[in-house]
Amino acid sequence: MPCTKCKDGKYKWGKTGECKYDTKEACEKANPKHYNKMRPTPLGKKTYEEYEKELKEFNLSKVEKIELASIKDFDKLAKESLKTVKATDKLVDNIKSQAKKALTELNKTGTLLVKVYPVYQDLEGQAKDLGVDLPKELSQEMNIIRSYIKSVDEDIKILKAII
């Protein structure tokens, strides 16, 4: 509610004040406590009362208490966690590196095992043509090789998932 001009050319404070000030500046100087609250703030065009109302609505004047012990606890836990993460990262990197090496070796092994199968089939065919049975040891070795081929395939899938 700033100073307003009266009909006689003088100024008064608000709607109910006396028309006793010759200039608007004199009226504003005479009512500085009231007028400062009514002026727009440098932050915008709202009055002090509007900001005060918003402050109450949003409860911005409430200050939350932060316990220093909680900050120390957080700091300690955060440092421990980061140290653990770094150690775990090293382990994971090591595991990935070992997995890559193992995958390379398994691929070599798988290739060799797969090459054995056609040779065994040729031996079976030749033995059949001759009317003789293959020695039991060869059949047993081929069964072992078949189980290794399955195992190698499963291991390769696992290692690829790790890498």
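The values are calculated or read from the model by the stated rules, or taken from the named source; none is laboratory data. Because the structure is predicted, anything quoted here is derived from the model rather than measured. Quick reminder, even Gly has a Cβ in these numbers, built from the backbone with ideal geometry, and neighbours come from all protein chains shown.
Applying a threshold of 7 Å to beta carbon distances and a minimum spacing of six or more residues, or different chains, the list of pairs starting in the range 1-18 at a residue that is within 12 Å of Asn31 (Cα to Cα) and ending at one that is among the aliphatic types (A, V, I, L, M) and modelled with pLDDT under 90 reads Met1/Met38; Pro2/Met38; Gly14/Met1.
Here's the yes/no breakdown for (1) modelled with pLDDT of 90 or more; (2) under 37 Å from the mean Cα position of the chain (by Cα):
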site	(1), (2)
Lys76	yes, yes
Lys83	yes, yes
Val92	yes, yes
Gly110	no, no
Tyr120	yes, no
Ser151	yes, no
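For the range 98-122, name all the residues that are among the hydrophobic types (A, V, I, L, M, F, W, C) and farther than 20 Å from Asn143 by Cα. Listed by number, the residues that qualify are Ala99, Ala102, Leu103. Name the one entry in Gln121, Gln140, Gln126 that is exposed (fewer than 11 other Cβ atoms within 10 Å of the Cβ) and farther than 30 Å from Gln98 by Cβ. Every option except Gln140 fails the conditions. Tell me yes or no: at least one residue of the range 82-95 is under 30 Å from Val152 (Cβ atoms) and in contact (Cβ under 8 Å) with a residue 24 or more places away in the chain. Yes; the residues of the range 82-95 include at least one that is under 30 Å from Val152 (Cβ atoms) and in contact (Cβ under 8 Å) with a residue 24 or more places away in the chain.
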